[in-house]
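The values are calculated or read from the model by the stated rules, or taken from the named source; none is laboratory data. All values derive from a computational prediction rather than experimental measurement. FYI the Cβ positions are ideal-geometry reconstructions off the backbone, even for glycines, and counts take in every protein chain you see.
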């Protein structure tokens, strides 16, 4: 019974670790969805930068109308604000996922095993994705020269987001393998525990039957012992 209870505790721990890993995947998918949006915004910024770098667009306003590049810059500012909004508002159970400052990360440790060793834990490192971290917060497309410079900065930001998304994909793949392994291990332990309990039950039933037989034999012997004096008295009478 003691072995069975120990195995039961291990099974419960493995099942909880599996749920933890599943939560980890949900967290990753939340971050990935946000990064996908940031990626799309950066692609739009790149498109605008390439457009603004072309010499056919006016840099100066005329007839009280803003210049072509001024209109483009308005959209740029709006897109940068949206990047910051996504980075600051993307959370999982209250924890910010993409709001880390430059040169720092948000580290989330998952308990993906039933034990206390390092192998039973996994840390997900998330870098920030706001415009400052991506180094596009000060880009300007208000002139052809600044637009040309912005193309390189935006390209670097796109590379950063692509790298982070690839890392998230690797984390998710690992967690999926962990979930499969935890499920298989828990099932095997449950089957072994069931066999142990069956053996224990059979042994207990055997002991119970043996006890019943001995008890019944004792009662029968006592009954016979009580009948013997009565038989003698009948003979003497």
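Results, tabulated for the structure shown:
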{"quantity": "Residue under evaluation residue 17, criteria (1) surrounded by fewer than 19 Cβ atoms within 10 Å (Cβ to Cβ); (2) assigned to a helix (DSSP H, G or I), criterion not met", "calculated": "(1)"}
{"quantity": "Selection count, the stretch 169-186, where residues are out of contact with any strand residue (DSSP E or B) (no Cβ under 8 Å at 6 or more places or on another chain), surrounded by 13 or more Cβ atoms within 10 Å (Cβ to Cβ) and either more than 30 Å from residue 34 (Cβ to Cβ) or in contact (Cβ under 8 Å) with a residue 40 or more places away in the chain (or both)", "calculated": "7"}
{"quantity": "Residue check, residue 193 surrounded by 11 or more Cβ atoms within 10 Å (Cβ to Cβ), part of a helix (DSSP H, G or I) and at pLDDT 95 or above", "calculated": "no"}
{"quantity": "Residues of the stretch 133-161 satisfying the condition of being in a loop (DSSP other than H, G, I, E, B) and free of Cβ contacts under 8 Å to residues at least 24 places away in the same chain", "calculated": "135, 138"}
{"quantity": "Number of the condition not met by residue 136 [criteria: (1) more than 30 Å from residue 83 (Cβ to Cβ); (2) surrounded by 19 or more Cβ atoms within 10 Å (Cβ to Cβ)]", "calculated": "(1)"}
{"quantity": "Count of the stretch 87-120 residues which are at pLDDT 95 or above, surrounded by 19 or more Cβ atoms within 10 Å (Cβ to Cβ) and under 19 Å from residue 41 (Cβ atoms)", "calculated": "4"}
{"quantity": "The listed residue being under 30 Å from residue 180 (Cα atoms) and touching a residue at least 12 places away in the same chain (Cβ under 8 Å), out of 98, 80, 69", "calculated": "98"}
{"quantity": "Output for the stretch 60-74, where each listed residue is surrounded by 12 or more Cβ atoms within 10 Å (Cβ to Cβ) and modelled with pLDDT under 60", "calculated": "61"}
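Here's the yes/no breakdown for (1) touching a strand residue (DSSP E or B) at 6+ places or on another chain (Cβ under 9 Å); (2) touching a residue at least 12 places away in the same chain (Cβ under 8 Å):
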| site | (1), (2) |
| --- | --- |
| 84 | no, yes |
| 105 | yes, yes |
| 112 | yes, yes |
| 118 | no, no |
| 121 | yes, yes |
| 126 | yes, yes |
